[in-house]
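The values are calculated or read from the model by the stated rules, or taken from the named source; none is laboratory data. Keep in mind the model is a prediction, meaning the values are calculated, not measured. What goes into the accessible areas is simple: the full protein's heavy atoms, side chains included, and nothing from ligands, DNA or RNA. Shrake-Rupley method; radii C 1.70, N 1.55, O 1.52, S 1.80 Å.
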Amino acid sequence: MPPEVGFILGLMLGTLATLMIQAFGRRKARIAVKAANLDADRSIKLLDSENERRTGQIDRLQERIQVLERITTDPAERTAREIEALRLQPN
């Protein structure tokens with residue numbers, strides 16, 4: 001076999017090996033990106049549910065603060081009447 005043929009075969013084999021290594025690397029990178037996206041999606045869902053829960057807590061606390069503010073700013077007679085009216089209501 002003449003040396004030129006061996007040289008050309010070596011170049012072709014080297015090129016093929018390089019292309020295969022690049023394809024493997026790209027595949028591995030795509031898999032890593034998909035896994036990162038799945039983790040990000042799961043984190044977003046968890047944060048959304050936590051946000052909804054805390055929003056509900058804040059709403060309830062704001063209602064309680066409004067009641068406490070009303071109790072502290074109302075005259076004592078009206079508060080006593082409201083408490084008495086609540087006692088007389090059937091459960």
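Data table
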read-out: Rounded tilt (10° steps) of 76-88 against the dominant C-alpha axis of the chain; value: 80
read-out: Read-out Cα Rg over 2.2 N^0.38 Å, derived from the coordinates shown; its label in (i) 2.98; (ii) 1.51; (iii) 1.81; value: (i)
read-out: Most fluctuating residue given options 44, 58, 21, as computed from a GNM of the chain linking Cα atoms under 10 Å; value: 21
read-out: Estimated vicinal HN-Hα couplings, Hz - the stretch 65-73 in sequence order (Karplus 6.51, -1.76, 1.60; Gly, Pro = x); value: 5, 4, 5, 5, 5, 5, 5, 6, 9
read-out: With all protein chains modelled, accessible area of residue 67 [1.4 Å, Å²]; value: 60
